[in-house]
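The structure's right below; bear with me while I get my questions together.
The values are calculated or read from the model by the stated rules, or taken from the named source; none is laboratory data. Since this is a predicted model, take the numbers as computed values, not measurements. Cβ sites come from the backbone with ideal geometry, for glycine too, and all protein chains shown count toward neighbours. These area figures cover heavy atoms from the full protein model, side chains too; ligands, DNA and RNA do not enter into them. Shrake-Rupley method; radii C 1.70, N 1.55, O 1.52, S 1.80 Å.
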Amino acid sequence: MKISASIQASNIYNLLNELDEYSDSFDQLHVDITDGNFTNNISLPVAIIEYIKNNTDYVIDTHLMLNNNELFTQKAFEYGSDIVTVHCETTTPEIFKSLVNQFTYVGVGIIPTTNMKTLSSYINEAYSVLLLTVNPGFSNQGKAVNLIDRVQEFKDLYPNYSNLLIVDGGVKKEELESLRNLDVDIAVQGGAIFAK
């Protein structure tokens with residue numbers, strides 16, 4: 001299992017130094033892009049991806065929590081993102097299929113309050129699935145659902161899913177072993193890395 005460091009939890013004004021300082025704690029980087037509509041906050045500009053790509057060698061997975069997924073998926077890949085996650089709550093199955101046809105590494109995300117069965121319209125085309133276990137928008141929140149239970153629910157509902165599974169939202173160090181045992185591929189950590 002890889003650890004993806006959420007830069008939203010870092011000191012963004014000292015980002016490159018922070019990435020160097022905590023480099024032993026993660027394998028790749030997670031970038032949240034929000035628009036103030038799907039979430040209550042507005043994030044860093046999508047161009048931050050290009051800055052990171054030009055100054056590091058990390059794989060970047062970008063998590064789009066916004067409404068205009070067609071535009072921002074294209075921009076995220078243009079700026080150097082390796083994986084882009086869009087949300088089933090703001091992306092119709094038709095638009096999702098169109099994005100997958102244009103860009104290979106497109107995944108689908110789901111917020112804690114959305115019925116897991118909603119993924120059935122997306123999962124066959126998805127490069128990855130991201131289970132968000134906090135309400136979208138802000139770093140260092142408490143979980144809205146039990147992390148392990150949410151992963152187990154996904155596993156029970158989609159036992160044949162074999163692509164990347166990403167867990168995002170308040171993942172603690174002591175939960176990592178359980179996530180590995182559940183065959184989670186990527187665990188996103190923010191405060192657990194940068195709030196040391």
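Only one of these conditions is not met by Leu130: (1) touching a Ser or Thr at 6+ places or on another chain (Cβ under 9 Å); (2) at pLDDT below 95; (3) open to solvent by less than 70 Å² (accessible area, probe 1.4 Å). Which number is it?
Unmet condition: (2).
I need the full set of residues from the range 140-196 which are open to solvent by 40 Å² or more (accessible area, probe 1.4 Å), modelled with pLDDT under 95 and within 17 Å of Gln28 (Cβ to Cβ), in order please.
Listed by number, the list holds a single entry, Ala192.
Also: Here is a list of conditions, (1) in a strand (DSSP E or B); (2) open to solvent by 50 Å² or more (accessible area, probe 1.4 Å), and His63 meets all of them except one; can you say which number that is?
The number of the failed condition is (2).
Tell me, which residue of the range 36-49 that is among the aliphatic types (A, V, I, L, M) and surrounded by fewer than 18 Cβ atoms within 10 Å (Cβ to Cβ) is farthest from Gly109 (Cα to Cα)?
Selected residue: Ala47.
What's the total number of residues in the range 55-67 that are free of Cβ contacts under 8 Å to residues at least 60 places away in the same chain and acidic (Asp, Glu)?
The number of residues fulfilling the criteria is 1.
So, in the range 6-21, of the ones that are over 25 Å from Leu182 (Cβ atoms) and hydroxyl-bearing (Ser, Thr, Tyr), which residue ends up surrounded by the most Cβ atoms within 10 Å (Cβ to Cβ)?
If we filter the range 6-21 for residues that are over 25 Å from Leu182 (Cβ atoms), which is where we start, we get 7, 10-21.
Now drop any that are not hydroxyl-bearing (Ser, Thr, Tyr), which leaves 10, 13.
Values: Ser10: 23, Tyr13: 7.
Filtering first and then ranking leaves Ser10.
I'm checking my understanding of the structure. Among residues of the range 78-99 that are open to solvent by less than 40 Å² (accessible area, probe 1.4 Å) and part of a helix (DSSP H, G or I), which one is farthest from Ile7 (Cα to Cα)?
Of the range 78-99, the ones open to solvent by less than 40 Å² (accessible area, probe 1.4 Å) are 80-81, 83-88, 90-91, 93, 96, 99.
Next cut, part of a helix (DSSP H, G or I) only: 93, 96, 99.
On the way: Pro93: 29, Phe96: 26, Leu99: 25 Å.
So the residue we want is Pro93.
Check Ile33, Ile52, Ile3 and return the single one that is open to solvent by less than 40 Å² (accessible area, probe 1.4 Å), touching a residue at least 12 places away in the same chain (Cβ under 8 Å) and assigned to a helix (DSSP H, G or I). Show your work before the answer.
Numbers: Ile33 fails: assigned to a helix (DSSP H, G or I); Ile3 fails: assigned to a helix (DSSP H, G or I).
After ruling out the rest, the residue left standing is Ile52.
Another one. Kindly indicate the residue of the range 100-120 that is within 18 Å of Thr73 (Cβ to Cβ) and open to solvent by 50 Å² or more (accessible area, probe 1.4 Å) and also nearest to the chain's Cα centre (by Cα) among those meeting that condition.
Looking at residues that are within 18 Å of Thr73 (Cβ to Cβ) and open to solvent by 50 Å² or more (accessible area, probe 1.4 Å), I get Tyr105.
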